[in-house]
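Notes follow the structure.
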Amino acid sequence: MHIPDGFLDTKTVVMTGTLSLVGVATAWRQTKKHIEPQRVPMLGITAAFVFAAQMLNFPVAGGTSGHLMGAVLTSVLLGPNAAIIVITSVLVVQCLLFADGGVLALGANIFNMAVIGSVVGGFLYRGVSRVLPGEWGNISAVAIAAWFSVVLSSICCAGELAWSGTVSWDAAFPAMAGIHALIGVGEALITCLVITAVKRSRPELLKANSGKNGARTGSVIVYALLLAIGLVMFISPFVSTWPDGLEMVAAKLGFDQKAIQYPLAEELFPGYKFPGLDSSTTAAIIGGVLGVLMVFLLVSILSRKLKTRA
């Protein structure tokens, strides 16, 4: 659902950029104020895992693929405000280093996936959890919130395309919501699997005031970083190469040719691949691993600023 440059007009770029700036700034202040210092290191590894997981496209239907958005997954682990910071960081690295999403459209992508996905998905998870108590109720809340986060983000994207005059609302809304309703099922399944695995292996990560044992937290970070790198190394060569939901809708509705690649936005790692290698599999693995490490480093540096309360 990464919108490229050329799909949105100036007013939409300015509006979504402003909303994203306000949303991220608010999330930063709230995270700095409320997050437990012991949980701060988890931001970096969660960002690395989300980056790795977003590389792994899964087939949906009709020649379309989808990938994890990760907003609800991060919201459940760290809270909606921290999730905005994590997903925003992932989107910035994807945009600037891999040209996944346009530079001018970065504000729209942050608003759709980081702000809307994290806030709406996070609060929906909390609300449903209160109505459906118990372990199964909690997992049901995760699934419902994850599905809605993808669909609502796609509806926002459809609205931005329509407001820009790229395609009519009557065409964009059913096309985007329809295909992302299917992608949302994959989002829900993956999110539930990850949360269930965390509940079974490290339940303290889902609780406030956890992680008081620094050594144990450090070992979790190391193992999780290795898992993220392992995902890229052993699974990415087998992922679906079909176009994602937005790409398929753009081709179907005839506005895919509007996409623009500005010279300053040329990616360092085209197609998430390390350039200059003959083997596409090796190039994808190296590019992906470097991306994981870059996201982890970026968020870890930002996280150091969160350790001092406002």
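The values are calculated or read from the model by the stated rules, or taken from the named source; none is laboratory data. What you see is a predicted model, and the numbers here were worked out from it, not measured in a lab. Note: ideal-geometry Cβ built from the backbone for every residue, glycine included; neighbour counts use all protein chains shown.
Structural remarks
- Within the stretch 35-62, considering residues that are surrounded by fewer than 21 Cβ atoms within 10 Å (Cβ to Cβ) and touching a His at 6+ places or on another chain (Cβ under 8 Å), the one nearest to residue 198 (Cα to Cα): 56
- All positions within the stretch 1-39 that are among the small types (Gly, Ala, Ser) and part of a loop (DSSP other than H, G, I, E, B): 6
- Boolean, residue 184 is closer than 26 Å to residue 46 by Cβ, in contact with a Pro (Cβ under 9 Å, 6 or more places away or on another chain) and in a helix (DSSP H, G or I): no
- Check on residue 26, surrounded by fewer than 24 Cβ atoms within 10 Å (Cβ to Cβ), hydroxyl-bearing (Ser, Thr, Tyr) and at pLDDT 95 or above: yes
- Any hit, the stretch 65-74, residues being under 13 Å from the mean Cα position of the chain (by Cα), closer than 16 Å to residue 157 by Cα and assigned to a strand (DSSP E or B): yes
- From the options 118, 149, 153, 65, residue that is buried (at least 24 other Cβ atoms within 10 Å of the Cβ) and in contact with a Pro (Cβ under 6 Å, 6 or more places away or on another chain): 118
- Consider the stretch 165-181 and keep the residues that are assigned to a loop (DSSP other than H, G, I, E, B) and in contact (Cβ under 8 Å) with a residue 40 or more places away in the chain. The one that is surrounded by the fewest Cβ atoms within 10 Å (Cβ to Cβ) is 165.
- Taken over the stretch 225-252, the residue count meeting the criterion of being of a type in the set (Phe, Trp, Tyr) and crowded, with 16+ Cβ neighbours inside 10 Å is 1.
- Scanning the stretch 5-39 for residues that are over 19 Å from residue 89 (Cβ atoms) and of a type in the set (Ser, Thr, Tyr) gives 10, 12, 18.
- Picking from residues in the stretch 96-134 that are β-branched (Val, Ile, Thr) and in a helix (DSSP H, G or I), the one that is farthest from the chain's Cα centre (by Cα) is 131.
- Applying the condition of being of a type in the set (A, V, I, L, M) and free of Cβ contacts under 8 Å to residues at least 40 places away in the same chain to the stretch 131-146 and asking which residue is surrounded by the most Cβ atoms within 10 Å (Cβ to Cβ) yields 141.
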